[in-house]
Amino acid sequence: MLHEAVQLSYLSFAAGVLFVLFTLFNSVIPAAKKKYFLVGAAIALTMILCNFLMLILEGKAEYRGLYSLVLAVSYSISGPVMIPIILLTSVIKPKVKYVIRFLAVSNILLSFASMFNGWIFSVDSDGKMSLGKFVAFPIVLTAYYVLLIIYSSLIKYRHGLKSESFFLVGLAVSTFFAVFMNFVMGFKFLISGMAVISLIFYYMYFATQTLTRDALTDAFNRHSFYSDVSSMKKKDMFIISMDLNGLKQINDTLGHDEGDRAILAVTQSAFTVIPDCCRFYRMGGDEFQILYPGADEKQTEKLCRNLKEQTAARGYSVACGFMEYKKDGDFGEALRRADERMYADKAEMKKSMAVTCETGDPDSKTAADGSMKM
């Protein structure tokens, strides 16, 4: 039995440990996403360890209590092992996240309560496990998580992110069969092994995406912009052009390090307020673009207002302009109109600043000085 347990668990466990070490010492992806990968790996490794112990302890009456505890841990995390993957998609709404957490906690409570009441499983005096009347709960919960991954893939596809969408569909289908073979056919280590494989390949996906990101800001770069446009042109969207005010003045008077800090302030402001469905790009220097699929004019106006407010809170200012693009239309013309509106907004802001300085209004003067920081 020990030989079989080692043979079934070693490769998955070793892959999980190496993945954790690689993730810890690799800075390719943002820290926020790295956290989800590490949590997912920790859950998967715990599952593998539980499966290993279940094979060793099954049928040994003297270890009945330990076997029951291992079963409780295994059932409590067999579904939630997919939660980090779901959150990594960044398209799940806050209300759904609350539902996910509630169901995960409910599953944990049911699993550990089963040690005493046998709701999901029970262990007899001979150390043999049997299923309880609520065993369907963790199975249905796992199916729900699989459906959420499929839903996330559809959202990605709708936003024009086809490569990630197809990857998520493949992941969901593979996970479904792993769950089916685990619960119905009695195979071991499939869900945990699938979790490790999913994390590794999703990490590889995110790592390759860094080639399309700006090194300073982590926003998508110009190459990524035109690549995304080619795949998103069949979708309705709004194009937002954004420009940092006064970057040349900052570079000339305060140095390029301060200029970099100003650019970072803009991107940090954008990452704070833009919806998950948006794609945010640094086109070069102080120029930025945002593609906002599925939005209407009110939502776009609100986003531009929030961008300005967040940037102002950091001591800088930006000019914004937007234009609606209809699928299969002239994207170049829509982009040109968005740029025109942005430059008109910039001119209006300069005019307003000049009037402010002439009037000498103390409150307005302070606001103007804050804008001039850029």
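Just one of the listed residues (D218, D252, D257) is touching a residue at least 24 places away in the same chain (Cβ under 8 Å), out of contact with any strand residue (DSSP E or B) (no Cβ under 8 Å at 6 or more places or on another chain) and not in a strand (DSSP E or B), and it is D218.
For segment 221-230, the count of residues that are more than 21 Å from the chain's Cα centre (by Cα) and either hydroxyl-bearing (S, T, Y) or not in a helix (DSSP H, G or I) (or both) is nonzero. Taking the criterion of being out of contact with any helix residue (DSSP H, G or I) (no Cβ under 6 Å at 6 or more places or on another chain), under 22 Å from K93 (Cα atoms) and among the charged types (D, E, K, R), the only residue of segment 132-161 that qualifies is R158.
Contact map, segment 99-111: residues that are under 22 Å from S130 (Cβ atoms) paired with residues that are among the aromatic types (F, W, Y) and at pLDDT below 95, Cβ distance under 7 Å, separation 6+ or inter-chain. Pairs shown: N107/F137; L110/W119; L110/F134; L110/F137; S111/Y75. Scanning segment 13-36 for residues that are farther than 24 Å from A215 by Cα and in contact with a Lys or Arg (Cβ under 8 Å, 6 or more places away or on another chain) yields nothing. Taken as a whole, the condition of being within 24 Å of V229 (Cβ to Cβ), assigned by TED's automatic domain parsing to the domain that holds A270 and basic (K, R) does not apply to K308.
Is there a residue in segment 195-211 that is farther than 24 Å from L11 by Cβ and either crowded, with 21+ Cβ neighbours inside 10 Å or touching a Cys at 6+ places or on another chain (Cβ under 9 Å) (or both)? Within segment 195-211, none of the residues are farther than 24 Å from L11 by Cβ and either crowded, with 21+ Cβ neighbours inside 10 Å or touching a Cys at 6+ places or on another chain (Cβ under 9 Å) (or both). Exactly one residue out of S125, S130, S153, S90 is assigned by TED's automatic domain parsing to the domain that holds V6 and crowded, with 17+ Cβ neighbours inside 10 Å: that is S153.
So, in segment 180-215, how many residues would count as being without any contact (Cβ under 8 Å) to a residue 60 or more places away in the chain and of a type in the set (K, R)? The number of residues fulfilling the criteria is 1.
Candidates Y75, Y10: the one that is buried (at least 18 other Cβ atoms within 10 Å of the Cβ) and either more than 18 Å from the chain's Cα centre (by Cα) or more than 26 Å from F176 (Cβ to Cβ) (or both) is Y75.
A265 meets all of the listed conditions (1) in contact with a strand residue (DSSP E or B) (Cβ under 8 Å, 6 or more places away or on another chain); (2) at pLDDT 85 or above but one, namely (1).
Criterion first (within 16 Å of A195 (Cα to Cα) and surrounded by 14 or more Cβ atoms within 10 Å (Cβ to Cβ)) does A104 satisfy it? Against the criterion (within 16 Å of A195 (Cα to Cα) and surrounded by 14 or more Cβ atoms within 10 Å (Cβ to Cβ)), A104 does not qualify. Residues that are surrounded by fewer than 17 Cβ atoms within 10 Å (Cβ to Cβ), at pLDDT 55 or above, part of a helix (DSSP H, G or I) and not aliphatic (A, V, I, L, M) within segment 342-373 comprise Y343, E348, K350, K351, S352, C357, E358, T359, listed in sequence order. Being assigned by TED's automatic domain parsing to the domain that holds V169, hydrophobic (A, V, I, L, M, F, W, C) and farther than 30 Å from L2 by Cβ is a description that does not apply to L49.
Going by the conditions given, is M115 part of a helix (DSSP H, G or I) and modelled with pLDDT under 90? Let's see the steps before the verdict.
Working: part of a helix (DSSP H, G or I): yes; modelled with pLDDT under 90: no.
Taking the combined requirement at face value, the residue does not satisfy it.
If the condition is being under 13 Å from I200 (Cα atoms) and modelled with pLDDT under 90, then segment 3-15 contributes S12, F13. What are the residues in segment 270-300 that are in a helix (DSSP H, G or I), in contact with a strand residue (DSSP E or B) (Cβ under 8 Å, 6 or more places away or on another chain) and not aromatic (F, W, Y), if any? A270, E297, Q299, T300 - these are the residues of segment 270-300 that are in a helix (DSSP H, G or I), in contact with a strand residue (DSSP E or B) (Cβ under 8 Å, 6 or more places away or on another chain) and not aromatic (F, W, Y). Here A313 does not fit the description of being of a type in the set (G, A, S), free of Cβ contacts under 8 Å to residues at least 60 places away in the same chain, assigned by TED's automatic domain parsing to the domain that holds I250 and buried (at least 21 other Cβ atoms within 10 Å of the Cβ).
Considering segment 316-341 alone, what residues qualify as being basic (K, R) and either over 17 Å from F225 (Cα atoms) or buried (at least 17 other Cβ atoms within 10 Å of the Cβ) (or both)? Full working, then the answer.
So the first thing to find is which residues in segment 316-341 are basic (K, R), and the list is 326-327, 336-337, 341.
Matches in segment 316-341: K326, R337, R341.
Checking segment 191-206 against the condition returns a match, with at least one residue being on the phi < 0 side of the Ramachandran plot, in the same structural domain as L154 (by TED's automatic domain parsing) and out of contact with any helix residue (DSSP H, G or I) (no Cβ under 9 Å at 6 or more places or on another chain).
The values are calculated or read from the model by the stated rules, or taken from the named source; none is laboratory data. What you see is a predicted model, and the numbers here were worked out from it, not measured in a lab. So basically every Cβ, Gly included, is an ideal-geometry build from the backbone, and we count neighbours across all protein chains shown.
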